[in-house]
Every structure is written in structure tokens, then in C-alpha cells.
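The next block holds one structure in the form of C-alpha cells; read it before the comments.
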Amino acid sequence: MEIKINKAKQEDLEEIYNIELQSFSTPYPYMLLRSLMILFGELFIVARDEENIAGYAIGAIRHRYMGHVISIAVKPEYRNRGIGKSLLRTLETYFRSMNALYSYLEVDTSNSIALNLYRKASYLVMGTHKDYYGKGKHAFVMIKNLHHNLDLE
Ligand SMILES: CC(C)(COP(=O)(O)OP(=O)(O)OC[C@H]1O[C@@H](n2cnc3c(N)ncnc32)[C@H](O)[C@@H]1OP(=O)(O)O)[C@@H](O)C(=O)NCCC(=O)NCCS
């Protein structure tokens, strides 16, 4: 089935929250997702087919020139089909259109699948936040220059 990516709507929140619960050990609360949708508008995007929401991503512009990938998650049964990659690319396209020079994100140092996704999309580790996700759970900060397209594919 064809997957389309567009702006999330209020009525998508229930399904987005279910994906959040299936995807993270410390999921964002429903009300936080709702607030992010209000705050970040068109940078809160969903991938959907005719039946379901397959995944979502949230971005923000920081300090006028930095795109921040706040979260990406794909429903388990839709994983490994390129949807995570497409959500990331769509956010980067929005960041560029908003004059951002860089895109950056935090990722759990033990999340090898997400690390693969970001490395393949040309993100480089530029530092580590110790205990970012709780004691002993560190995050890499990864960054990409949005105007040097070095994607590995
Ligand atoms: C990380 C996540 C968003 C990837 O979504 P996805 O739609 O399955 O990813 P894609 O199919 O677009 O794959 C993109 C790349 O990710 C990597 N990847 C995806 N699944 C993988 C797996 N099972 N093992 C290793 N690498 C994998 C690969 O590098 C892949 O590129 P390739 O297919 O060209 O090899 C998804 O696994 C997810 O929702 N995980 C739980 C939430 C999470 O960890 N989010 C990231 C927070 S920072």
C-alpha cells in the first residue's frame, strides 16, 4: 500500500500515542505529544497508508538555524520498509525550507537500529550526553550539515 507523509492532525493523536507506547521504554505522555503538536505544527508529521498511521516524526527549529529531530517512531509491523528514512528526509526538507543549516538529534547509545538509520543519512556523532535518558543511559548527539548532501544512498 502506498505510504503518504503529511502534517499530523489532532485526531491522529490516539494512534500516534499507541506507536509511542510500542516504541519507547519511557514513552512521551499523551499530553506532551498533544502539546508538541500544538507547538510545532507542520513539523509534526505522520506517515500513513489507507488504513493506519505507520509512523510519525517531530521536529523543531532552534536558534533559527538548527533543525532538531525530537522524535521518530515507526509502528512495529511497518518497520524495515524505508518509512523511518522517509520521515527523516521529510523533516530535513522542511528544515531546509525554513533556512536551517544543520539538523541534529539525540539518540540512545545502545539503539543500534536508530544509529544505523542516522549514520546512513550522514549524521555524525559530535558528542555524548551522559545519563540523558536516566542513570547509565547515555545519548549521542548527532549532527548533519543540511547543505552538503552526503547521504550514503
Ligand atoms: C528507528 C526506526 C524509526 C527505524 O524505522 P524503519 O522504518 O524501520 O527504518 P527504515 O526501514 O527506514 O530503515 C532505515 C535504516 O535503518 C536501519 N535499520 C532499520 N531496521 C534495522 C534493523 N532491524 N537492524 C539494523 N538496522 C536497521 C538500516 O540502516 C536502514 O537502512 P537500510 O534499509 O538501507 O539498511 C524504528 O526502528 C523505530 O521506530 N524504532 C523504535 C523507536 C526509535 O528507536 N526511534 C529512534 C529514536 S532516536
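General remarks:
- Verdict on Tyr94 being open to solvent by 70 Å² or more (accessible area, probe 1.4 Å), aromatic (Phe, Trp, Tyr), closer than 24 Å to Leu36 by Cα and in a loop (DSSP other than H, G, I, E, B): no
- Only one entry of Asn80, Asn111 meets the criterion of being within 6 Å of the ligand (Cβ to nearest atom) and at positive phi, and that entry is Asn80.
- Criterion (within 11 Å of the ligand (Cβ to nearest atom) and over 13 Å from Gly67 (Cβ atoms)) met by exactly one of Leu105, Leu117: Leu117
- Number of residues in the stretch 1-48 that are within 13 Å of the ligand (Cβ to nearest atom) and part of a loop (DSSP other than H, G, I, E, B) equals 6.
- Residue, nearest to the chain's Cα centre (by Cα), within the stretch 68-77, restricted to residues that are within 10 Å of the ligand (Cβ to nearest atom) and surrounded by fewer than 22 Cβ atoms within 10 Å (Cβ to Cβ): Ser71
- Matching entry among Ala54, Ala60 (being open to solvent by less than 50 Å² (accessible area, probe 1.4 Å), under 23 Å from Asn116 (Cβ atoms) and in a strand (DSSP E or B)): Ala54
- Within the stretch 28-43, the set of residues being under 18 Å from Glu15 (Cβ atoms), touching a helix residue (DSSP H, G or I) at 6+ places or on another chain (Cβ under 7 Å) and open to solvent by 50 Å² or more (accessible area, probe 1.4 Å) comprises Tyr28, Tyr30, Arg34.
- Boolean, Ser25 is free of Cβ contacts under 8 Å to residues at least 24 places away in the same chain, polar (S, T, N, Q), loosely packed, with under 14 Cβ neighbours inside 10 Å and within 22 Å of Ala139 (Cα to Cα): yes
- Sole exception among (1) at negative phi; (2) open to solvent by 30 Å² or more (accessible area, probe 1.4 Å) for Asp49, by number: (2)
- Answer residue from the stretch 97-120, given it is small (Gly, Ala, Ser) and farther than 23 Å from Asp131 by Cβ and is most open to solvent (accessible area, probe 1.4 Å) among those: Ser97
- Inside the stretch 128-145, residues that are surrounded by 12 or more Cβ atoms within 10 Å (Cβ to Cβ) and over 10 Å from Asp108 (Cβ atoms) make up a count of 7.
The values are calculated or read from the model by the stated rules, or taken from the named source; none is laboratory data. Remember, predicted model here, so these are calculated numbers, not experimental data. FYI the Cβ positions are ideal-geometry reconstructions off the backbone, even for glycines, and counts take in every protein chain you see. Just so you know, the surface numbers come from the protein's heavy atoms only, side chains and all, with ligands and any DNA or RNA stripped out. Shrake-Rupley method; radii C 1.70, N 1.55, O 1.52, S 1.80 Å.
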